[in-house]
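The values are calculated or read from the model by the stated rules, or taken from the named source; none is laboratory data. Since this is a predicted model, take the numbers as computed values, not measurements. Backbone-built Cβ (ideal geometry, glycine too); neighbour counts: all protein chains shown.
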Amino acid sequence: MGGEAAIQAALYRHLKATKLPVALPIAPEGRNFDPKGRAYLRSTFLPAETTSFGTESDGDIIYGGLFQIDVFWPVNEGLTRPLTHAAMLAARFCRGTRLTANDLEVRIDQPASVLGAQQEPNWLHIPVRARWAVYAGPPSTV
């Protein structure tokens, strides 16, 4: 499994293990999903440009990006419950979180953010965004 795939899998496993007041299904990335009008989560793995530290040929590789978890809640149910879920997700992906991805350590070094609620025709959509980074060894060790 490549670096990005292992990182995405580690973040997704961490999300799946989250305990929420109401268990919500997670829409799988890259697959059709019908929530049947019920609240749900959708995760999106957003890697940024891979960089290196040191010389080009032997410098450590730095992966980084965002992991966004969208809380979708049916309209007309208010903000309290979806915001509670969003805050719990942000706490789950808090600064200091370390996850294992193959031989890589996925680090969350900044607080996760609960972003503004967006009203859609049938859904209230609240994004939660966590910034992650992996400091890997030189290319021969990745």
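Details
- For residue 84, the test of being modelled with pLDDT of 95 or more and out of contact with any strand residue (DSSP E or B) (no Cβ under 9 Å at 6 or more places or on another chain) is passed.
Every residue, every condition in (1) under 16 Å from residue 63 (Cα atoms); (2) in contact with a Gly (Cβ under 6 Å, 6 or more places away or on another chain); (3) loosely packed, with under 14 Cβ neighbours inside 10 Å, yes or no:
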| position | (1), (2), (3) |
| --- | --- |
| 5 | yes, no, yes |
| 15 | no, no, no |
| 23 | no, no, yes |
| 30 | no, no, yes |
| 33 | no, no, yes |
| 39 | no, no, no |
| 52 | yes, yes, no |
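- Just one of the listed residues (136, 101, 130, 112) is farther than 17 Å from residue 12 by Cβ and among the aliphatic types (A, V, I, L, M), namely 136.
- Taken together, the residues in segment 54-63 that are part of a strand (DSSP E or B) and either free of Cβ contacts under 8 Å to residues at least 40 places away in the same chain or buried (at least 18 other Cβ atoms within 10 Å of the Cβ) (or both) amount to 2.
- Failed item in (1) closer than 18 Å to residue 16 by Cα; (2) assigned to a strand (DSSP E or B); (3) not hydrophobic (A, V, I, L, M, F, W, C), with residue 105 passing the rest: (1)
For (1) assigned to a strand (DSSP E or B); (2) exposed (fewer than 13 other Cβ atoms within 10 Å of the Cβ); (3) in contact with a Pro (Cβ under 9 Å, 6 or more places away or on another chain), each residue gets a yes or a no:
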position	(1), (2), (3)
76	no, yes, no
84	no, no, yes
87	no, no, no
91	no, no, no
95	no, yes, yes
121	no, yes, no
137	no, no, no
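- Qualifying positions in segment 97-119 - in contact with a helix residue (DSSP H, G or I) (Cβ under 7 Å, 6 or more places away or on another chain) and surrounded by 17 or more Cβ atoms within 10 Å (Cβ to Cβ): 99, 101, 104, 106, 112, 114
- Selection count where residues are touching a residue at least 40 places away in the same chain (Cβ under 8 Å), over 17 Å from residue 47 (Cα atoms) and under 14 Å from the mean Cα position of the chain (by Cα), scope segment 114-139: 1
- For segment 100-113, a residue qualifies if it is of a type in the set (A, V, I, L, M, F, W, C) and within 12 Å of the chain's Cα centre (by Cα), and the qualifying residues are 106, 108, 112.
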